[in-house]
Each structure stands twice: as C-alpha cells, then as structure tokens.
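Report on the structure given below.
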Amino acid sequence: MRRLVAIALLLSAALPLRAQEWKNSVLPVLASAPETGFQYGIALMRTRQPMDSLGTRPSTVIGNAVRTTKGQTRLFLDTDWWTPGNQWRLTTNSIWQEFPIGYHGEGDQTTQVDQINYTPRTLELAVTVQRRIAKARWLMASVRRIETQLVSSDSVTSDVLPLPGDPQTYFSIYDLLPPVQGRHVVATVGLVSDTRDQIFAPSGGHFVEATMGRSGSLIGSEYGYTRVRVDARTYRPLRAGVLAGQFLLQSVEGDAPIDQIALVGNNSSMRGYTMGRFRGRRTATAQMEYRSGFRGRWGSAVFGGATFLARDLAGLGDARMLPSVGAGVRFRMDPVTRSAIRVDFAFGASGQGGLYVAFNEAF
C-alpha cells in the first residue's frame with residue numbers, strides 16, 4: 001500500500017511537466033459551514049484545459065491549508081489527471097486533519113442533548129484509476145487507507161428511551177463513544193457512466209457511479225465492513241439556467257467505525273445540517289437545484305432535498321424525512337472551466353441551518 005501511494009504521489013507531482021499548459025491560481029480561503037464555523041487559509045489550484053479535438057477533460061491539482069474558528073485544522077492535496085480522449089483517469093487524494101466533531105448516536109431521532117464531543121486526528125491516502133470501456137463508460141478501482149487517532153472525547157450516559165410504540169426508529173446512543181480510531185483499508189470497484197458536458201458546472205448530460213468497497217484483514221485493515229454506494233445525477237437546460245438533480249443511496253454492512261457510515265450534511269449534500277448531527281448505515285438522499293444563467297460573473301441558485309435513514313434498506317420507506325431547503329449566489333472565476341465560488345444558506349430540521357462558502361457547484 002505504501003508503495004502504491006508513493007507511486008501515485010510521484011505521478012501527481014509529475015503532472016504539470018509542461019507549465020505553459022497550466023493555469024495557476026493562489027487564493028485565500030474564506031469559507032463557512034455549520035460544523036466548522038468560519039474557515040480561513042490558503043488554496044492552490046492548477047488547471048489544464050486541453051485544446052484538442054478529442055474532448056479531453058481538464059486535469060487539476062488542488063490543495064489547501066485551512067483552520068477554523070472551532071479549532072479544526074485540515075490539509076489536503078487532490079490531483080485529477082485525464083489522458084487524451086479520456087481513455088484513462090488517475091486521481092489521488094491526500095488529507096491530514098484534526099477535526100473536533102459531535103456524535104449524537106445513529107438514526108433519525110437522535111437529540112442534541114445526547115451529544116458526545118470527540119476529536120479524531122486522521123491521515124487519509126487514496127488512489128483511484130478509471131479505464132474507459134465505451135464512449136461514456138469507465139471501469140474504476142480504488143484503494144483508500146485511513147489512519148485515525150482519537151485525540152480526545154467526552155463520555156456521557158443517555159437515559160432516553162426508544163420512541164413509544166415504535167422502538168425501531170430510535171437508535172440509542174452508546175454510553176461511551178463507539179470505535180473510531182485505528183487503521184482501515186478499503187478496496188473499491190465500480191462502474192461509471194458520465195455524459196456531462198462539463199465537470200465543474202454541467203449544463204447537460206448525466207453522471208452515474210455504482211461502487212462496492214470492502215475493508216478487511218486480508219488487505220491490512222483492523223475493521224471489516226462492506227460499503228455499497230450509488231450516485232446518480234442529471235442536468236437539463238431550463239430557460240436561461242440549469243435544473244440539476246441527484247439521488248444518492250449508501251449502505252454499510254459490518255464493523256465500520258462511526259466516521260465511515262453516512263453523515264448527513266456537508267457543503268455538497270443536504271446543506272443545512274451540521275455534519276455528524278445525523279448518521280445512518282442505510283441512507284437515501286434526493287436533492288434538486290435550479291441554477292440561473294450568469295449575468296457577467298454573477299449567478300444564483302435555489303435548492304431543496306430530503307434524506308431518509310434506517311437500520312436496513314427495507315426500513316427506508318418508513319423512516320422520518322429530513323428536509324433541506326436553501327438558496328445562494330455564484331461568482332464565476334474562469335468562464336472556460338466554469339469554476340466558481342458559491343455562497344449558500346440552507347435550513348434543515350430540528351433547528352438546523354447554516355452558511356456555506358465553497359468552490360464550484362455542490363453536485
């Protein structure tokens with residue numbers, strides 16, 4: 001695994017060999033999310049937009065160093081490299097973070113009173129390879145290694161009982177924080193169908209990714225679990241703008257640490273919820289967004305969505321709906337790559353809500 005990561009990082013460093021083809025941007029990071037508060041730092045973005053007749057997609061190198069007002073620190077470097085004609089794609093992801101966060105238990109009926117505050121320190125390295133097998137289809141395989149150390153945590157006792165008459169809808173919080181630290185390695189295979197006309201801000205086409213990952217002792221993991229994920233998105237022109245939709249299904253089976261089950265709420269899915277406020281091993285999410293056309297460099301968006309959590313797939317139909325609604329503005333940085341800064345405000349259930357400042361569209 002270490003050799004694989006080393007080779008991937010060397011390949012990533014070798015990507016910008018022809019400097020004249022790359023556009024460089026160094027930007028201050030001024031961002032926000034409910035789970036982080038105000039974020040500040042610096043970001044580097046390198047983008048190469050091939051000017052060939054093969055429709056080759058842009059290659060990117062993105063890195064940043066961020067500190068938040070809630071005491072979180074995050075460093076990451078992501079690379080995304082496409083070969084001519086999109087025959088091959090290689091991505092690498094490297095993340096180091098120390099991220100205080102709250103744990104409220106699993107399920108859709110947990111309460112704020114039951115919160116355990118904990119701080120994991122995580123190093124994550126991943127390599128993903130895609131090989132085109134048809135005009136708009138790719139086979140993909142990835143290996144991800146995650147090392148987590150628990151820096152600190154609270155310990156509380158919850159006396160809250162399951163909901164009367166319906167004990168299956170409440171997942172009781174543990175007296176102590178469930179397992180979170182240790183090493184786990186996940187090997188994933190999948191199929192991708194992608195007809196989007198652009199990656200950063202599509203205006204037409206679809207994206208579908210179906211993957212299955214396995215973590216176990218045979219590949220050096222201290223945890224054994226299986227993850228299935230289906231991510232389907234569609235984009236349609238509507239008047240002067242774009243109507244975008246996404247359906248996301250996630251299922252985790254086995255001995256997965258709590259940071260590897262689905263977390264409701266981030267800057268790309270179910271905006272309006274503090275990340276980690278709700279968690280589930282079976283989740284189904286649907287969201288839609290209307291993105292207006294740009295006038296000069298400015299645009300806007302309105303969006304809404306819903307998530308359902310359950311113990312098993314059969315229970316998703318009876319689960320409580322967690323809604324999300326919001327709106328925001330967009331500032332386009334580069335009309336060629338359609339990269340932009342977005343500012344969104346969203347509301348969720350249980351008094352949740354927050355401001356998000358991020359790069360590019362949510363999905």
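The values are calculated or read from the model by the stated rules, or taken from the named source; none is laboratory data. All of these numbers come straight from a predicted model, not from anything done at the bench. FYI the Cβ positions are ideal-geometry reconstructions off the backbone, even for glycines, and counts take in every protein chain you see. Just the protein is used for accessible areas: all its heavy atoms, side chains included, with ligands, DNA and RNA removed. Shrake-Rupley method; radii C 1.70, N 1.55, O 1.52, S 1.80 Å.
If a residue has to be in contact (Cβ under 8 Å) with a residue 40 or more places away in the chain and either closer than 26 Å to residue 293 by Cβ or open to solvent by 70 Å² or more (accessible area, probe 1.4 Å) (or both) to count, how many in the range 205-218 make the cut?
0
Name the residue, out of 331, 345, 308, that is within 21 Å of the chain's Cα centre (by Cα) and either free of Cβ contacts under 8 Å to residues at least 40 places away in the same chain or within 19 Å of residue 34 (Cβ to Cβ) (or both).
After applying the criteria, what remains is 345.
Given (1) open to solvent by less than 70 Å² (accessible area, probe 1.4 Å); (2) over 30 Å from residue 281 (Cβ atoms); (3) at pLDDT 85 or above, where does residue 95 come up short, assuming only one miss?
(2)
Please verify whether residue 268 is within 16 Å of the chain's Cα centre (by Cα) and among the small types (Gly, Ala, Ser), treating the condition exactly as stated.
So residue 268 fits the description; yes.
Find the residue count for the range 46-66, including only residues that are in a loop (DSSP other than H, G, I, E, B) and closer than 16 Å to residue 25 by Cα.
Residues that pass the stated criteria total 2.
When you check residue 75 against the structure, is it of a type in the set (A, V, I, L, M, F, W, C), under 19 Å from the mean Cα position of the chain (by Cα) and at negative phi, yes or no?
In short, yes.
From (1) within 16 Å of the chain's Cα centre (by Cα); (2) surrounded by 17 or more Cβ atoms within 10 Å (Cβ to Cβ); (3) free of Cβ contacts under 8 Å to residues at least 40 places away in the same chain, pick out the condition that doesn't hold for residue 230.
(2)
Going through the range 100-117 one residue at a time, which ones are out of contact with any helix residue (DSSP H, G or I) (no Cβ under 9 Å at 6 or more places or on another chain) and either part of a strand (DSSP E or B) or not charged (D, E, K, R) (or both)?
Step one: filter the range 100-117 for residues out of contact with any helix residue (DSSP H, G or I) (no Cβ under 9 Å at 6 or more places or on another chain), giving 100, 110-117.
Residues satisfying the conditions are 100, 110, 111, 112, 113, 115, 116, 117.
In the range 31-44, how many are modelled with pLDDT under 85 and closer than 19 Å to residue 78 by Cα?
Residues in the range 31-44 being modelled with pLDDT under 85 and closer than 19 Å to residue 78 by Cα: 1 in total.
When you go through 131, 144 one by one, which is the residue that is closer than 24 Å to residue 44 by Cβ, of a type in the set (Lys, Arg) and open to solvent by 20 Å² or more (accessible area, probe 1.4 Å)? Spell out how you get there, then give the answer.
Values: 131 fails: closer than 24 Å to residue 44 by Cβ.
Answer to the check: 144.
Among the strands (runs of 3 or more DSSP E) contained in the range 267-363, which hold 2 or more residues that are within 28 Å of residue 68 (Cα to Cα), open to solvent by 50 Å² or more (accessible area, probe 1.4 Å) and not hydroxyl-bearing (Ser, Thr, Tyr)?
On the way: elements: 278-280, 282-291, 298-310, 321-334, 339-348, 353-359.
It comes to 298-310, 321-334, 339-348, 353-359.
Could you list, in sequence order, the residues of the range 118-127 that are open to solvent by 20 Å² or more (accessible area, probe 1.4 Å) and either touching a residue at least 60 places away in the same chain (Cβ under 8 Å) or not in a strand (DSSP E or B) (or both)?
125
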